[in-house]
2 protein chains.
Amino acid sequence: MRWLTEREQRVWRAYLQATWMLSEHLGRQLQQESGIPHTYYEILVALSEAPNRTLRMSDLASACRASRSRLSHAVAKLERTGWVRRSTCDEDKRGAWASLTEAGFAALERAAPGHVTAVREYLFDVLTEEQVDVLGQIGQAIQDGLSGECAKALEQVEEVYAADSAELPEVVPSAAERATDPESA
Amino acid sequence: MRWLTEREQRVWRAYLQATWMLSEHLGRQLQQESGIPHTYYEILVALSEAPNRTLRMSDLASACRASRSRLSHAVAKLERTGWVRRSTCDEDKRGAWASLTEAGFAALERAAPGHVTAVREYLFDVLTEEQVDVLGQIGQAIQDGLSGECAKALEQVEEVYAADSAELPEVVPSAAERATDPESA
DNA sequence: CAAAAGAAGTTGAGTTCTCAACAACAGGTA
DNA sequence: TACCTGTTGTTGAGAACTCAACTTCTTTTG
């Protein structure tokens, strides 16, 4: 078992702290200034950029990095507020279109400037040009490394896995002989 | 209003995607392999590193980047599973100690190797030495830039802010005259 | 010292998220 | 045609989180 070196440990904790701070602050800024939670904001953004401001639910889900389930709940709520409208899809009767309404677009227009300003102020303004470049590379490298895993993870492994969950999910069996595990999930 | 340049836009989206993928994958790995949600894992880690494996609730909260409220709920649950124990604090009668139990420590020992391995595999192994360095700098720069804001945000602004919240928090007052650019980050 | 101000923790209500199950349809195969 | 398999989207239950009170105790200040 290889643990993290001290340097890696330091970088890892800096990463955790920094990403948390940024998402915390941006989320709070968005929520307080425009009353839109960040995840809902991302839905509005994705729709606003789509042709006709309309996307299939599935495509919208992957654009927002949301599970289909979560998106379904979220869009249901956004529909109640009148920012998104759903309509049935004729080419594929299972499907559904989600479209941004005028009201939704207006809400986005109100929220965006403050959000973008915050992103600039707390991310790009504190980094050098070179750091920005490297940040892009790092992001790309992480994505490449995880693209395989996330394809699997994106819609959950539907394995049976008979969860009973009394209280906290009882810590999985051994972990010692995981190598010989016949059907680990 | 200054929007993001195309390059900034690219980097920003790479950042969002990469941090999401990483936290998604690590969280799922931890959950499935040891049955511990990532936030609970962080509580166990923080306690395990404290003298006597014991911390005041507040200190534990900031070590885990959790609100006092969230920590209180989480520790209540961890106490039910027998991994953490609370005891009253004599020097400060308002306070409470949280301690890691033997069972909690054992659970952590079971979970840690898999988690660390995943961090190494999907973060450090995909980066060059230099990228790791720069990542550390970037994290530090972001923290420095936000330390002021987050001091405020860490325990919420107790402003009155008369929230009514019928459905979605009605989009903040006017902010009427914004540049009419729909695209956002 | 007494009163106000602040800090530590908890609680309950409401919101969002996850997970597993499900219904409805599509596409292929026999 | 009937069947099997996979895809799309929704649902309900339960878990986790947020937010605003609230209680209890500490510290400050007049």
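Scanning segment B:57-67 for residues that are open to solvent by 50 Å² or more (accessible area, probe 1.4 Å) and within 10 Å of DNA strand C (Cβ to nearest atom) turns up B:58, B:59, B:62.
Look at residue B:16 and say whether it is within 14 Å of DNA strand D (Cβ to nearest atom), hydrophobic (A, V, I, L, M, F, W, C) and in a helix (DSSP H, G or I). Spelling it out, it is not the case that residue B:16 is within 14 Å of DNA strand D (Cβ to nearest atom), hydrophobic (A, V, I, L, M, F, W, C) and in a helix (DSSP H, G or I). Quick one: would you say residue B:26 is open to solvent by less than 60 Å² (accessible area, probe 1.4 Å), part of a helix (DSSP H, G or I) and under 30 Å from residue A:138 (Cα atoms)? Here the answer is yes, as residue B:26 does meet what is asked. Can you find even one residue in segment B:29-36 that is in a helix (DSSP H, G or I) and surrounded by fewer than 16 Cβ atoms within 10 Å (Cβ to Cβ)? So far as segment B:29-36 goes, no, none of its residues is in a helix (DSSP H, G or I) and surrounded by fewer than 16 Cβ atoms within 10 Å (Cβ to Cβ).
Any residue in segment A:49-56 that is within 14 Å of DNA strand C (Cβ to nearest atom) and more than 23 Å from residue A:119 (Cβ to Cβ)? Scanning segment A:49-56, I find at least one residue that is within 14 Å of DNA strand C (Cβ to nearest atom) and more than 23 Å from residue A:119 (Cβ to Cβ), so the answer is yes.
Residues in segment A:116-153 that are at the interface with another protein chain (Cβ under 7 Å from one of its Cβ atoms) and of a type in the set (Ser, Thr, Tyr): A:122 alone. One residue stands out among those in segment A:87-104 that are surrounded by fewer than 17 Cβ atoms within 10 Å (Cβ to Cβ) and within 12 Å of another protein chain (Cβ to nearest Cβ): the one that is nearest to residue B:148 (Cα to Cα), which is A:103.
Report, ordered by the first and then the second residue, all pairs with beta carbons closer than 8 Å, sequence separation of six or more or different chains, a first member in segment B:29-44 that is at the interface with chain A (Cβ under 9 Å from one of its Cβ atoms), and a second member that is more than 12 Å from DNA strand C (Cβ to nearest atom) and open to solvent by 50 Å² or more (accessible area, probe 1.4 Å). Matching pairs, first to second residue: B:33/A:178; B:34/B:110; B:35/A:170. Determine whether residue B:160 is within 8 Å of chain A (Cβ to nearest Cβ) and either closer than 29 Å to residue A:126 by Cα or modelled with pLDDT under 75 (or both). It is false that residue B:160 is within 8 Å of chain A (Cβ to nearest Cβ) and either closer than 29 Å to residue A:126 by Cα or modelled with pLDDT under 75 (or both). Residues of segment B:117-151 that are within 17 Å of the chain's Cα centre (by Cα) and open to solvent by less than 20 Å² (accessible area, probe 1.4 Å): B:119, B:139, B:142, B:146, B:150.
Residue-by-condition table, conditions (1) within 14 Å of DNA strand C (Cβ to nearest atom); (2) of a type in the set (S, T, N, Q); (3) more than 19 Å from residue A:14 (Cα to Cα):
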| residue | (1), (2), (3) |
| --- | --- |
| B:9 | no, yes, yes |
| B:13 | no, no, yes |
| B:32 | yes, yes, yes |
| B:82 | no, no, yes |
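The values are calculated or read from the model by the stated rules, or taken from the named source; none is laboratory data. Worth saying up front: this structure is predicted, and the values here are computed from it rather than measured. Positions of Cβ are generated from backbone atoms using ideal geometry, with glycine treated the same way; all protein chains shown enter the neighbour counts. Ligands, DNA and RNA are excluded from the accessible area calculation, which covers all protein heavy atoms including side chains. Shrake-Rupley method; radii C 1.70, N 1.55, O 1.52, S 1.80 Å.
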